[in-house]
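The values are calculated or read from the model by the stated rules, or taken from the named source; none is laboratory data. If you're wondering where the values come from, they're calculated on a predicted model, not measured in any experiment. No Cβ is skipped: glycine too gets one built from the backbone with ideal geometry, and neighbour counts run over all protein chains shown. Just the protein is used for accessible areas: all its heavy atoms, side chains included, with ligands, DNA and RNA removed. Shrake-Rupley method; radii C 1.70, N 1.55, O 1.52, S 1.80 Å.
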Amino acid sequence: ADCRLISCGGDEKRVDSRTIYVGHRPCPDTEAFIPSKFCDNRIVSSKYTVWNFLPKNLFEQFRRIANFYFLIIFLVQVSELSSFIICNTEKDLQALPATIECEQPQPDLYKFVGRMHIYKPEQEPAVRSLGPENLLLKGATLKNTKKIYGVAVYTGMETKMALNYQGKSQKRSAVEKSINAFLLVYLCILISKAVVCTTLKYVWQSKEGQDEPWYNQKTQKEKDTNMYLKMFTDFLSFMVLFNFIIPVSMYVTVEMQKFLGSFFITWDKDFFDPEIQEGALVNTSDLNEELGQVEYVFTDKTGTLTQNNMEFIECCIDGFQYKHRDTRCELDGFTVTDEPEKEELFLRALCLCHTVQVKEAGSEEVLTDQVDGIDGMQPQPEEERGFIASSPDEIALVRGAMEYGFTFLGLESKSMKIKNRENNIEEYKLLHVLNFDPVRRRMSVIVQTKSGETLLFCKGADSSIFPRVKPEEVDRIRMHVERNATEGYRTLCVAYKQLSAEEYAVADTGLREARLTLQDREQKLMAMYNQVETGMSLIGATAVEDRLQEEAAETMEALQGAGMKVWVLTGDKMETAKSTCYACRLFQRGTELLELTVRTLEDGRLKLSFLSCRSWSTANQDYGFIIDGATLSLMMNPPREADASQYRSLFLQICQNCTAVLCCRMAPLQKAQIVKMVKNSKGSPITLSIGDGANDVSMILEAHVGIGIKGKEGRQAVRNSDYAIPKLKHLKKLLLAHGHLYYVRIAHLVQYFFYKNLCFILPQFLYQFFCGYSQQPLYDAAYLTMYNICFTSMPILAYSLLEQHISMEILLDNAALYREIANNAMLRWRPFLYWTVLGIFQGLLFFFGVRFLFSNPALQDNGQVFGNWSYGTIVFTVLVFTVTLKLALDTRHWTWINHFVIWGSLAFYVFFSFFWGGIIWPFLKQQRLYFVFANMLSSVSAWLVIIILILLSLLPEILLVVLRKPRGPHSRQVYLFLPFPF
């Protein structure tokens, strides 16, 4: 096909359209030729290319401040390729001279406007209307035919699915951002320490006799060295001496904790689904803690909240209720004479007013119903027929008619066949289909009987049908519809109208003309639909139940009880989605719904509708908010660009005051836009998106945490998600139990690492005041290296993997406990300050407590005194035992692993100290700790000081736990378990 733009006169402006020439038909002389500049059929969906891999990857790595810092310290002391798909169209189309005019590429999946001109020799060109039903999207499946012939109108990155693709971005958790902030604080502390020591060193050396004492004369080279260069060298030396305050090993431990901790999700037997024989899947372990911080949940409806499996429950015909396998019963006080003609008319309407296709099965294929590419779970008996439909409720209605003896046999060449109760075949010619749209909220068909009668059958929501029928007919049906709606069923009303030859001729001409226009096609069709669908007669109503996912309502209640706001983002019709929200208890019967859709907009003034909604949202009332995709487009792209930010602000303000939000008729990219808008709103709330289909991928990638459901719509959502679960019900435990525990564990890990390294390096800093700022280390090099690697690393790793400060059963039963750790409560500045003050207090106690011991002139039995390495060893011993026992006090869930690593780490420190100082190592030039540890433990004074300092260091923590009072309804439980106050 050759693609060209055309510009021609006439009543239509087609500057925003394109023309595709089929069959190599030459461009007419009357049309201006513009060389085509359309993209090829290559689709790039990867994050990296061969050119940007290095800079992008380095940028992602150095977004972590610690990585840049470690690079600097190292200098002081010494992919993925682009993946694309090329689809080569087979040139096997028969010679067909034709042109296709259609709109330029746009991301809306539910909109396509075009027309096709077919040229025949010596004949006027035949014109055919093209709409969304003629457009095959990426991933479409052929169901009722083996092959088709088509023309590519959009290619490559101009296809609708490519325009809706949301590129992958590096997701960073709130914990990682907190680590960066804390790291900056400790980096400032490190620089301050180095500056103070460097300054005081030169102040001290400026005194007479201090710079060059008699026992340490300077060499000529030292005397000739530039003073400022020497000051800078000393500054770097202090930076290296104190750099252990930055916990390098913390990043290794955090990565190990995330990687190993993710296995607990995959190992959880509660996540195993026997139906698909699979459990949960973790695609990324970097976001485990984000599961405990979710504030907004964005969920798809079909296949996520529901099973997408509707069941026909009952119907009402002329005031009488009918249930399958039951006899007709009188209802609502009406006494209507038996009219089998009306019953059969109602059932014929159910068999004809739809877009269902009969599924043809092979010799060995079992017939099942399919909705949007989803096979039904229950195979149908062989005598029943399988159906294909875009909406599950249409299949339910057709099957409901079968229960009462009317069977839809299929559509062949515009001929619809049904089998009536007497097993006779009735044939109707399908003249027009008036498709469903969210504004009309109804759909109709115009058919012609064999006798030549023209009938219009219409079905839709009660609010759209009742105004178009006789009032006396409405009274018979209204009570039945309201009762079914209260019971949570999806209700539809059915009406019909007999068209005269003149009425049909006018309708036929108007509909054909409207469908061939490229500009304002929807408005013209809407006008014709409304003109035809008037003066109808109401026949009856139906009640259909859309089965929810197992424990869907309980899961939604638990999430709302945990303080999360749940938004339903769906491409379905508003009525279907609203019914599901009621069934899931997102909308309660007392909830007042604020509806902002194209149908409710008056004169297109979006701002007035927003302001009116805003005034309602301030009242003391539970509200639910409903918006559709078309209105969202108006809000995101208003006529005046200056109004965009105001609309978004009002929109978010309304939504934040509502208990639940429903966004219907959403394109995939619009779902991602909603998530992005909330994610970037004030406070930067943590968002989670959950879905099961390819149309959910964009919002899954956009949210902080993406969850894929292992459903029936393929595995694209699972492959692009961060976590995958078999059923929606598993989301409750994933967030309330696993997410809660992951966050508490890693938050404690981060705070503990900064605390223990501050305790470690503060005595080193204080020691410089007593050694002439000579960069003399307080600890032996082996202790400096082993402190974070061996002596204190395993206990905190075991804690961060196994700790359960509250059991999972309590967390699942009390969803409100999730709120106690919301908004990154354990990594705020208040708890960080608490840990920092505790580290400073204990560091000061370690250093000056041991210094008080050394004020005694004789510390050993032989009258000898300890040296500087003994001093540092005593401080280090108190340090290791204190920080390890502090973690033991914080541990609430003891296992044999905790006991092994805590007491084993202390025993290993004692063994290593004896071993390291008890042997003369031939590879060491000098052995500073030779028998130092053994001599230290031979002193009773050293033993006494070590024990007293450990007890004094832990005493404030013990008193704080005993004396502090719990606050809030659930804080007593949290107070009993959490290791420190918020």
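Before moving on, here are some points about what is shown:
- When the range 372-405 is filtered for residues that are within 18 Å of residue 493 (Cα to Cα), of a type in the set (A, V, I, L, M, F, W, C) and modelled with pLDDT under 75, nothing remains.
- Residue 183 being open to solvent by less than 70 Å² (accessible area, probe 1.4 Å), at pLDDT 85 or above and either out of contact with any Gly (no Cβ under 8 Å at 6 or more places or on another chain) or assigned by the TED database to the domain that holds residue 706 (or both): yes
- Residue check, residue 727 under 20 Å from residue 288 (Cβ atoms) and open to solvent by 10 Å² or more (accessible area, probe 1.4 Å): no
- When residues in the range 244-277 are screened for being within 13 Å of residue 746 (Cβ to Cβ) and among the charged types (D, E, K, R), 2 of them pass.
- Residue count for the range 409-440, restricted to those that are part of a loop (DSSP other than H, G, I, E, B) and open to solvent by 20 Å² or more (accessible area, probe 1.4 Å): 11
- Single match in 836, 785 (criterion: open to solvent by 40 Å² or more (accessible area, probe 1.4 Å), more than 30 Å from residue 206 (Cα to Cα), in a helix (DSSP H, G or I) and of a type in the set (Val, Ile, Thr)): 785
- For residue 473: the one exception among (1) part of a strand (DSSP E or B); (2) within 21 Å of residue 318 (Cβ to Cβ): (1)
- Filtered by the rule that a residue be of a type in the set (Lys, Arg) and either modelled with pLDDT under 85 or touching a strand residue (DSSP E or B) at 6+ places or on another chain (Cβ under 7 Å) (or both), the range 229-272 gives a lone residue, 230.
- Meets criteria (out of contact with any Leu (no Cβ under 8 Å at 6 or more places or on another chain), modelled with pLDDT under 80 and under 26 Å from residue 582 (Cβ atoms)) for residue 369: yes
- The residues of the range 115-154 that are of a type in the set (A, V, I, L, M, F, W, C) and either under 19 Å from residue 390 (Cβ atoms) or in a strand (DSSP E or B) (or both), listed by number, are 116, 118, 126, 127, 130, 135, 136, 137, 140, 142, 148.
- Selected residue (criterion: modelled with the lowest pLDDT) from residues of the range 476-520 that are in a helix (DSSP H, G or I) and small (Gly, Ala, Ser): 485
- Filtering the range 268-294 to residues that are in contact with a helix residue (DSSP H, G or I) (Cβ under 9 Å, 6 or more places away or on another chain), open to solvent by 50 Å² or more (accessible area, probe 1.4 Å) and part of a loop (DSSP other than H, G, I, E, B) leaves only 283.
- Listed by first and then second residue, the pairs linking a residue in the range 573-595 that is not assigned by the TED database to the domain that holds residue 390 and open to solvent by 20 Å² or more (accessible area, probe 1.4 Å) to a residue that is at pLDDT 80 or above and in a helix (DSSP H, G or I), with Cβ atoms under 7 Å apart and 6 or more places separating them unless they lie on different chains, are 583/553; 585/553; 585/556; 585/557.
- Residue in the range 899-906 that is assigned to a loop (DSSP other than H, G, I, E, B) and either among the hydrophobic types (A, V, I, L, M, F, W, C) or modelled with pLDDT under 85 (or both) present: no
- Of residues in the range 928-957 being of a type in the set (Ser, Thr, Tyr) and part of a loop (DSSP other than H, G, I, E, B), the one farthest from residue 912 (Cα to Cα): 939
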